[in-house]
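The values are calculated or read from the model by the stated rules, or taken from the named source; none is laboratory data. This structure is a prediction, so every number in the text was calculated from the model and none was measured. Reconstructed Cβ throughout: ideal geometry from the backbone, glycine too, with neighbour counts over all protein chains shown. With ligands, DNA and RNA removed, areas are computed over all heavy atoms of the protein, side chains included. Shrake-Rupley method; radii C 1.70, N 1.55, O 1.52, S 1.80 Å.
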Amino acid sequence: MGKNVIEVDNVSRCFQVPGGEFWALKKINAAVPESSFVILKGRSGSGKTTLMNIIGTLDKPTEGEVRIDGESVKNLSDYKKEELRRTKLGFVFQSVSLIPSLNAFQNVEFSMRMAGIKPGPERDARIEECLKLVGLGNRMTHMPAEMSGGEQQRVAIARALAHRPKLILADEPTAELDSAMAARVAQLFGEMSKKEGITILMTTHDVGLMGAADFLIELENGERIDV
């Protein structure tokens, strides 16, 4: 593996709560190399989503620093952070959030427009390639309401993948899927990281999915523990 796409240095996150402070993260260090599939595991409340939000520039650490593709995000303006999210990051959430009035092809196309990729034959070919990669080559014109939950999640994965980001962040993307489909999604992430050269960081507490990852990062009570 080559350079690190994610570098987390001594990251802590404190929230003000009634009665004092709550440290959701405590001096987390981690490095994730390019073209790898990494699972961020831990029980509910362990700090997984907080760390994911910080890596995705949706939140700021109280202490410490995060670098994405070698660039510190600490002092980036809101505009630069938004640009980073549109061009270098892809997101897959537990809630699929497809646009219900657009079919599968159009949902993926929308994300490419947001990333600034101009229309044309190459963009269309990339959309078809990504939908075929997730096994939906014959469902491109179907609306979200005409697809199962697993199919919708695979459209969301194609959408996150289409603009060739450096990093995909997937927060509990299999939580609403049955065990067979969850395993397929994890396997798909592993295959995509190698085929597309994209780094994928996925949160989950499903122990049945751990074997699909290149390695694990485990959190417990806001701290990283050895696995």
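Each residue in the stretch 6-18 was checked for being at pLDDT below 95 and in a strand (DSSP E or B), and 2 pass. Among the residues of the stretch 160-172, is there at least one that is open to solvent by 50 Å² or more (accessible area, probe 1.4 Å) and under 21 Å from ARG123 (Cβ atoms)? For the stretch 160-172, residues open to solvent by 50 Å² or more (accessible area, probe 1.4 Å) and under 21 Å from ARG123 (Cβ atoms): present. All of (1) open to solvent by 20 Å² or more (accessible area, probe 1.4 Å); (2) free of Cβ contacts under 8 Å to residues at least 40 places away in the same chain; (3) assigned to a helix (DSSP H, G or I); (4) out of contact with any helix residue (DSSP H, G or I) (no Cβ under 6 Å at 6 or more places or on another chain) hold for LYS194 with one exception: (2).
A count restricted to the stretch 25-44 and to residues that are open to solvent by 10 Å² or more (accessible area, probe 1.4 Å) and touching a residue at least 40 places away in the same chain (Cβ under 8 Å) stands at 10. Checking every residue in the stretch 84-92 against the condition of being among the small types (Gly, Ala, Ser) and at pLDDT 95 or above gives zero matches. Looking at (1) within 29 Å of GLY208 (Cα to Cα); (2) basic (Lys, Arg); (3) outside any loop (DSSP other than H, G, I, E, B), which is the one condition that is false for ARG85? In the conditions (1) within 29 Å of GLY208 (Cα to Cα); (2) basic (Lys, Arg); (3) outside any loop (DSSP other than H, G, I, E, B), ARG85 misses (1) alone. Scanning the stretch 9-26 for residues that are within 15 Å of SER46 (Cβ to Cβ) and under 23 Å from the mean Cα position of the chain (by Cα) yields VAL11, SER12, ARG13, ALA24, LEU25, LYS26. Among residues of the stretch 19-55 being touching a helix residue (DSSP H, G or I) at 6+ places or on another chain (Cβ under 7 Å) and not in a strand (DSSP E or B), the one that is nearest to HIS205 (Cα to Cα) is GLY42.
Restricting attention to the stretch 110-149, the residues being at pLDDT 90 or above and open to solvent by less than 40 Å² (accessible area, probe 1.4 Å) number 12.
For residues that are assigned to a loop (DSSP other than H, G, I, E, B) and open to solvent by 60 Å² or more (accessible area, probe 1.4 Å), scanning just the stretch 61-76, find the one that is nearest to GLU7 (Cα to Cα). It comes out as LYS74. Residues in the stretch 56-76 that are closer than 14 Å to LYS166 by Cα and either among the aliphatic types (A, V, I, L, M) or touching a strand residue (DSSP E or B) at 6+ places or on another chain (Cβ under 9 Å) (or both): GLY56, ARG67, ILE68, ASP69, GLY70.
Entry remark, the stretch 173-191: residues being open to solvent by 10 Å² or more (accessible area, probe 1.4 Å), part of a helix (DSSP H, G or I) and more than 11 Å from PHE37 (Cβ to Cβ) number 5 in total.
The set of residues in the stretch 77-109 that are within 13 Å of the chain's Cα centre (by Cα), open to solvent by 70 Å² or more (accessible area, probe 1.4 Å) and farther than 19 Å from LEU167 by Cβ contains only SER95.
Considered as a group, the residues in the stretch 150-174 that are out of contact with any strand residue (DSSP E or B) (no Cβ under 8 Å at 6 or more places or on another chain) and more than 16 Å from GLU109 (Cα to Cα) include one that is modelled with the highest pLDDT, and that residue is GLU151.
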